[in-house]
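Some notes on the structure that comes next.
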Amino acid sequence: MGILPGFEKALKPKSIAIVGASAKDDISSYIAPAGLSFLKSLMDFGYEGKIYPVNPGAKEIMGIPSYNSLLSLPEIPDLVIISVPADKVKDVLHDAIGKGVKNVQIYTAGFKEAGYPELEEEIKDIALGKLNLLGPNCMGICYVPSSKISLWPGLVKEAGRVAFITQSGGHALQFIEYAQGMGIRFSKVISYGNATIIEAPDLLEVLEDDEETDVICLYIEGVRDGRKLFEVSRRLSRKKPLIVWKGGSTEYGKRAAFSHTGSLAGEDRVWDAFFKQTGVIRAYGIDELADILIALDLPRMRGRRVGIILNGGGYSVLAADICGREGLEVPALTDETQRRLREFIPPAGTSIKNPLDVETVFRKPELLEKTLALVEDDPNIDIIFFALHLDLLAERRKEQIDEFSEFLKDFAKRTEKPIAITLDTWGGNPYVVSRRASLSRELPSYKIGVFRSIGRGARAIARVIEYYERLTLP
């Protein structure tokens with residue numbers, strides 16, 4: 001259906017109206033009135049534009065003057081958030097059109113996803129061709145740090161270069177919170193719910209040339225205009241990476257998707273063809289979305305050959321098997337590299353072919369530096385992958401974790417080869433667990449990819465390599 005002119009103001013609004021903001025000023029309980037929660041979140045996040053609560057039963061809300069209806073506002077708001085009962089939504093839409101509003105998002109649920117398709121058709125008939133309408137049953141434009149917009153409390157205010165479009169409002173919050181603990185930051189997060197008018201292809205077109213966005217993630221359950229989605233995705237994926245998580249890929253998931261947003265999920269074999277023909281990267285969940293984003297943020301990988309450095313015996317076999325299964329190569333280091341490594345690494349309890357099981361070098365920074373320099377220069381290696389037991393690293397001195405991390409940051413500044421790392425801790429040592437969490441946030445800013453496991457890291461890296469390989473095809 002496309003997006004009408006003026007949608008750009010919704011992403012950088014100078015004024016927001018919240019219709020249905022509760023007059024109740026106690027939102028300390030977990031279940032707070034949604035409209036009031038949105039108002040408080042905007043204020044706490046530092047939104048600098050005008051906020052207009054709309055509630056005919058209140059003169060002011062949280063110290064802000066309240067209005068009887070949209071028609072009584074002193075200006076036309078750039079964005080209207082609707083949080084009223086489903087049977088009242090039609091009246092608000094009529095008021096919005098009468099006021100000259102262009103952009104509306106409907107938080108309210110209770111339409112086709114709840115078994116009331118006729119009610120949804122009514123709001124569609126009212127809004128079509130007159131409003132840029134997100135929803136119903138959505139969070140809408142819910143997180144835009146550069147515009148100081150957040151409809152949830154407690155999120156980071158730092159903007160990033162990743163956009164997330166999602167049919168699920170719940171996934172929006174979950175992904176933001178999950179990703180921010182891994183150093184990922186967002187440009188825009190938009191939830192579109194039942195997609196009565198605006199759906200995924202329309203939002204992809206908006207972000208296609210968005211200067212604040214380098215990578216786009218999409219969670220989708222179903223789509224009306226499959227041809228448009230295909231064409232936009234194929235074109236966009238050659239400009240910037242597009243990662244799609246398709247919900248409802250099994251019979252059980254399809255049933256759940258219809259109950260969630262009223263979407264018909266479609267045959268998975270059709271979606272398989274979609275991914276193959278568009279060059280879009282496929283993900284199967286929030287964790288994979290994050291992993292692929294981490295891999296995309298690494299220096300561009302020129303090949304599949306991984307040099308694995310670790311500090312545990314049987315771990316080397318596991319790491320090599322996992323990388324091989326995911327389509328990465330674990331070649332032996334050249335004879336010259338191995339000869340030079342043996343000059344300072346004793347043969348007992350070590351392996352230097354690849355993977356390198358060299359726990360002893362982690363105790364001496366000068367040996368670690370020599371080892372990395374040789375692996376970095378080896379012509380057989382494209383990517384350096386550390387698979388570390390933090391428990392072993394901290395076993396003798398807990399300071400070794402910090403010493404290694406500082407060394408790794410310095411090395412990352414000097415090398416052009418991508419560096420990936422897993423930080424395992426199975427002992428439950430509170431200090432080690434705490435350092436693991438903080439390093440997961442710190443290291444990505446040095447272009448070091450931190451993954452939760454070898455398997456997740458290898459899988460994400462392989463997906464990104466495939467994406468780059470497809471870009472070179474005619």
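The values are calculated or read from the model by the stated rules, or taken from the named source; none is laboratory data. Remember, predicted model here, so these are calculated numbers, not experimental data. Counting neighbours? That spans all protein chains shown, and the Cβs are built from the backbone with ideal geometry, glycine included.
Of the candidates Gly248, Gly312, the single residue that is surrounded by 13 or more Cβ atoms within 10 Å (Cβ to Cβ), modelled with pLDDT under 95 and in contact with a His (Cβ under 6 Å, 6 or more places away or on another chain) is Gly312. With respect to Leu128, determine if the residue is at pLDDT 95 or above, surrounded by fewer than 24 Cβ atoms within 10 Å (Cβ to Cβ) and over 14 Å from the mean Cα position of the chain (by Cα). Answer is yes for this residue.
Being of a type in the set (A, V, I, L, M, F, W, C), at pLDDT below 95, in the same structural domain as Glu466 (by TED's automatic domain parsing) and under 19 Å from Phe407 (Cβ atoms): is that true of Leu374 here? No.
Count of segment 112-163 residues, restricted to those that are within 22 Å of Lys14 (Cα to Cα) and not in a loop (DSSP other than H, G, I, E, B), is 14.
Screening Thr350, Thr334 for residues that are of a type in the set (S, T, N, Q), over 38 Å from the mean Cα position of the chain (by Cα), in the same structural domain as Gly303 (by TED's automatic domain parsing) and farther than 20 Å from Arg396 by Cα leaves exactly one candidate, Thr334. Counting the residues of segment 49-86 that are farther than 18 Å from Ser22 by Cβ and in contact (Cβ under 8 Å) with a residue 24 or more places away in the chain gives 9. Filtering segment 462-471 to residues that are closer than 25 Å to Glu376 by Cβ and surrounded by fewer than 16 Cβ atoms within 10 Å (Cβ to Cβ) leaves Glu466, Tyr468, Glu469.
Residue under question is Tyr446, and the condition is that it be within 15 Å of Arg304 (Cα to Cα) and either assigned by TED's automatic domain parsing to the domain that holds Gln277 or of a type in the set (Phe, Trp, Tyr) (or both); does it hold? No, not satisfied. For segment 360-375, the condition of being of a type in the set (A, V, I, L, M), touching a Gly at 6+ places or on another chain (Cβ under 9 Å) and without any contact (Cβ under 8 Å) to a residue 40 or more places away in the chain holds for none of the residues.
Selection of helices (runs of 4 or more DSSP H) fully inside segment 318-425 by the criterion of at least 2 residues being small (Gly, Ala, Ser) and crowded, with 16+ Cβ neighbours inside 10 Å returns 399-414. If you go through segment 44-59 and keep only what is surrounded by 12 or more Cβ atoms within 10 Å (Cβ to Cβ) and over 35 Å from the mean Cα position of the chain (by Cα), you end up with just Ala58. Out of all the residues in segment 91-124, which are farther than 19 Å from Cys138 by Cα and either surrounded by fewer than 17 Cβ atoms within 10 Å (Cβ to Cβ) or among the hydroxyl-bearing types (Ser, Thr, Tyr) (or both)? Hits for segment 91-124 are His94, Ile97, Gly98, Gly100.
On inspection, Pro77 passes the criterion of being in the same structural domain as Lys14 (by TED's automatic domain parsing), under 26 Å from Pro153 (Cβ atoms) and in contact with a helix residue (DSSP H, G or I) (Cβ under 8 Å, 6 or more places away or on another chain). Just one of the listed residues (Ile401, Ile421, Ile352, Ile345) is among the β-branched types (Val, Ile, Thr) and within 20 Å of Leu298 (Cβ to Cβ), namely Ile421.
Applying the condition of being of a type in the set (D, E, K, R) and part of a loop (DSSP other than H, G, I, E, B) to segment 164-202 and asking which residue is surrounded by the fewest Cβ atoms within 10 Å (Cβ to Cβ) yields Arg185. Residues in segment 426-461 that are of a type outside the set (Lys, Arg), surrounded by fewer than 20 Cβ atoms within 10 Å (Cβ to Cβ) and within 20 Å of Ile381 (Cα to Cα): Gly455 only. Among the numbered conditions (1) farther than 18 Å from Ile197 by Cα; (2) crowded, with 16+ Cβ neighbours inside 10 Å, the only one that Ile82 does not meet is (1).
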